[in-house]
Amino acid sequence: MSLGIAVIAPLLQSSSALVRKQTHVEKAWLVEQDVIRVLELMARAIRMAGYRKIGSLGEYRQGLRMAKVDYIGLEHRTGWNHSDLLWVKHEPADGTEGDCLGNRVEQLNHGKSQSRTKNGLRYQGFFVKKAGDDRGGSLMCASLDRQGRLQHTSLMNHIDTLHFKWVGQQTRSGEPTSPTRAGVHIALKTTLMEREFSRFVALRNVP
């Protein structure tokens with residue numbers, strides 16, 4: 001019996017190690033899929049920043065004469081573990097466009113007003129706050145409810161840090177032309193993987 005146990009023990013240890021490795025690989029894959037999802041949500045919001053639904057040249061010229069609105073902003077080191085905050089504003093595009101939670105705008109009062117807007121604009125924000133049951137943080141989505149009030153919802157846990165950085169336009173020689181912003185660089189780290197996930201998103205509607 002002792003001989004049998006001695007023969008089987010290495011096999012059991014090898015099998016246990018294989019199961020642990022497989023579990024780790026599956027967990028890493030799930031984390032990566034979650035990161036890809038939240039990066040896409042943030043990229044979609046950045047691309048929408050400053051969007052205005054203009055139907056004619058006259059409306060466009062009138063918009064140029066109107067008071068400028070801050071459609072996108074970064075607040076550095078204001079979140080958990082010195083993470084950054086990104087917020088965007090834009091006009092509703094159409095009935096199929098949802099916010100970071102998938103909520104769509106609804107027409108109210110016979111089309112005279114719209115839900116999930118404030119002063120005619122949609123708002124989305126992304127930041128990290130301390131998670132109660134995790135050594136990391138939670139990536140939060142800030143959006144507007146049906147009454148235009150701010151609401152916060154968790155998108156993903158196990159966040160280590162989240163940082164945003166302006167990226168300026170470049171000349172052919174590689175030197176910056178001016179302070180004009182070309183886009184935003186996103187960098188996200190999780191507590192479950194020793195890896196930084198990053199993405200560059202070009203601005204479409206704001207300089």
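Considering each of LEU85, LEU101 in turn, give the residue that is surrounded by fewer than 20 Cβ atoms within 10 Å (Cβ to Cβ), of a type outside the set (S, T, N, Q) and at pLDDT 95 or above. So that I can check it myself, show each step before the final result.
Numbers: LEU101 fails: at pLDDT 95 or above.
So the residue among LEU85, LEU101 that is surrounded by fewer than 20 Cβ atoms within 10 Å (Cβ to Cβ), of a type outside the set (S, T, N, Q) and at pLDDT 95 or above is LEU85.
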| query | For residues in the stretch 191-207 being under 18 Å from HIS158 (Cβ atoms) and either hydrophobic (A, V, I, L, M, F, W, C) or in contact with a helix residue (DSSP H, G or I) (Cβ under 6 Å, 6 or more places away or on another chain) (or both), which is surrounded by the most Cβ atoms within 10 Å (Cβ to Cβ)? | reply | LEU192
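Look through GLY148, GLY95, GLY174 and report the one residue that is modelled with pLDDT of 90 or more, outside any strand (DSSP E or B) and over 30 Å from MET193 (Cβ atoms).
Values: GLY95 fails: modelled with pLDDT of 90 or more; GLY174 fails: modelled with pLDDT of 90 or more.
Of the residues listed, the single one that is modelled with pLDDT of 90 or more, outside any strand (DSSP E or B) and over 30 Å from MET193 (Cβ atoms) is GLY148.
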| task | Among the numbered conditions (1) among the small types (Gly, Ala, Ser); (2) crowded, with 17+ Cβ neighbours inside 10 Å; (3) at pLDDT 90 or above, tell me where SER154 comes up short. | result | (2)
| query | Across the stretch 70-92, what is the total count of residues that are closer than 19 Å to GLN114 by Cα and outside any loop (DSSP other than H, G, I, E, B)? | reply | 3
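In the stretch 98-121, how many residues are assigned to a strand (DSSP E or B) and free of Cβ contacts under 8 Å to residues at least 40 places away in the same chain? Steps first, answer last, please.
Filtering the stretch 98-121 for residues assigned to a strand (DSSP E or B) gives 98, 104, 107-108, 113-114, 118, 121.
The next check asks that each one be free of Cβ contacts under 8 Å to residues at least 40 places away in the same chain; those that pass are 98, 104, 107-108, 113-114, 118.
Within the stretch 98-121, residues that are assigned to a strand (DSSP E or B) and free of Cβ contacts under 8 Å to residues at least 40 places away in the same chain number 7.
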| message | Pull out all pairs, ordered by first then second residue, where Cβ-Cβ is under 9 Å, the residues are six or more apart or on different chains, the first lies in the stretch 20-43 and is within 15 Å of ILE159 (Cβ to Cβ), and the second is modelled with pLDDT of 95 or more and of a type in the set (D, E, K, R). | response | LEU39/ARG199; MET42/ARG199
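The values are calculated or read from the model by the stated rules, or taken from the named source; none is laboratory data. Predicted model only: the values in this text are computed from it and were never measured. Heads up, the Cβs are rebuilt from the backbone with ideal geometry, glycines too, and the neighbour counts pull from every protein chain shown.
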